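The next block holds one structure in the form of structure tokens; read it before the comments.
The values are calculated or read from the model by the stated rules, or taken from the named source; none is laboratory data. Keep in mind it's a predicted model, so treat the numbers as computed, not measured. Glycine also receives a Cβ, built like all others from the backbone with ideal geometry; neighbour counts cover every protein chain displayed.
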């Protein structure tokens, strides 16, 4: 098995991707190394190294703080032998490089790449052997393969936040959850902790505290990527009612509700609509927003409507309004303001169409609809980073 001549002895040393172990003779390193490794690994290792060398550019402030705390801050622990740093009975704890690289890779994919699904991960395939049909999942999943003894359990604890949150939760329960400090080993305390009121108070208190630290409006916007509908990958959807359009790049418009199909028919009949498209999940156009519970959530608008080469509307249709609708519309309005501020090639606007109003007033053109449906047009704020480009 190949081991590079300069391979370090210390398990803590940072490894260059070019000197990594691979399952063949060292003489085959240049010609065979990447072919014998898992398909996504070579490119990801190189990208993560570049990102590490840059000082973690693109990571959130919280992620940077955690990475620097884990890997760039000395951690002195009591020495089992009683001897250690400076003769004070302490010794430095350091993470293995395998643990560091695993954590860095997960954060790089989540914060910087913003990988949402298998297609985003497949961009790192240098072998050409990976295809979408190999993965049945449509949800985001990161799989990190680590050898026995390389510290997998610790990585899982750090990714889940266990090592950060556990001592804080323990202190909060002991000192603040009840009207006086309690003994956590007391049967009476354990019985009280099983009550719904205590559980709810604990969860809500930490949710508010975490959101206060992590949910922030940075107040800036930039275009980081574009979406072209004609490049949307073919996919198989549910067997349900659909419309065969003439003005859409998609061969079928599948409605999540009867109202969506009625609205798609309306767009087809509007002489002032050049083109339209349903924002299927495979398009990957979504906006993050803070929902009514105070959590970060994703919002996927319903339709794109092109009225000219210079103007596009994003349309939200709703049969019944819920608590999150005003927050979603506020987010969409801010996205339109942001994208119009940082580019001028196309003007973006939005309109909210409720089923009751649509059936009552029955607009006959898209312009008439835009002029008549003005709800949420005067709301504001929040930002996003992507752009729809038909």
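Of everything listed in (1) exposed (fewer than 12 other Cβ atoms within 10 Å of the Cβ); (2) in contact with a helix residue (DSSP H, G or I) (Cβ under 6 Å, 6 or more places away or on another chain); (3) assigned by TED's automatic domain parsing to the domain that holds residue 278, the single unmet condition for residue 181 is (3).
Residue count for segment 230-251 satisfying the condition of being exposed (fewer than 15 other Cβ atoms within 10 Å of the Cβ) and over 28 Å from the mean Cα position of the chain (by Cα): 6.
Out of 106, 159, 130, which single residue is surrounded by 12 or more Cβ atoms within 10 Å (Cβ to Cβ), over 28 Å from residue 12 (Cα atoms) and touching a helix residue (DSSP H, G or I) at 6+ places or on another chain (Cβ under 7 Å)?
Result of the check over 106, 159, 130: 130.
Scanning segment 57-68 for residues that are part of a loop (DSSP other than H, G, I, E, B) and surrounded by 14 or more Cβ atoms within 10 Å (Cβ to Cβ) yields 58, 59, 60. Taken together, the criteria exclude residue 250 from residues that are under 23 Å from residue 320 (Cβ atoms) and at pLDDT 90 or above. Among helices (runs of 4 or more DSSP H) entirely within segment 272-390, having at least 3 residues that are within 30 Å of residue 200 (Cβ to Cβ), touching a helix residue (DSSP H, G or I) at 6+ places or on another chain (Cβ under 8 Å) and modelled with pLDDT under 95 singles out no element at all. Going residue by residue through segment 229-242, is there one that turns out to be closer than 30 Å to residue 364 by Cβ, at pLDDT 85 or above, in contact with a strand residue (DSSP E or B) (Cβ under 8 Å, 6 or more places away or on another chain) and assigned to a loop (DSSP other than H, G, I, E, B)? Looking through segment 229-242, at least one residue is closer than 30 Å to residue 364 by Cβ, at pLDDT 85 or above, in contact with a strand residue (DSSP E or B) (Cβ under 8 Å, 6 or more places away or on another chain) and assigned to a loop (DSSP other than H, G, I, E, B). Taking segment 25-56 as the search range and keeping residues that are outside any helix (DSSP H, G or I) and either on the phi > 0 side of the Ramachandran plot or in contact (Cβ under 8 Å) with a residue 40 or more places away in the chain (or both), which one is surrounded by the fewest Cβ atoms within 10 Å (Cβ to Cβ)? Restricting to residues being outside any helix (DSSP H, G or I) and either on the phi > 0 side of the Ramachandran plot or in contact (Cβ under 8 Å) with a residue 40 or more places away in the chain (or both), the top hit is 55.
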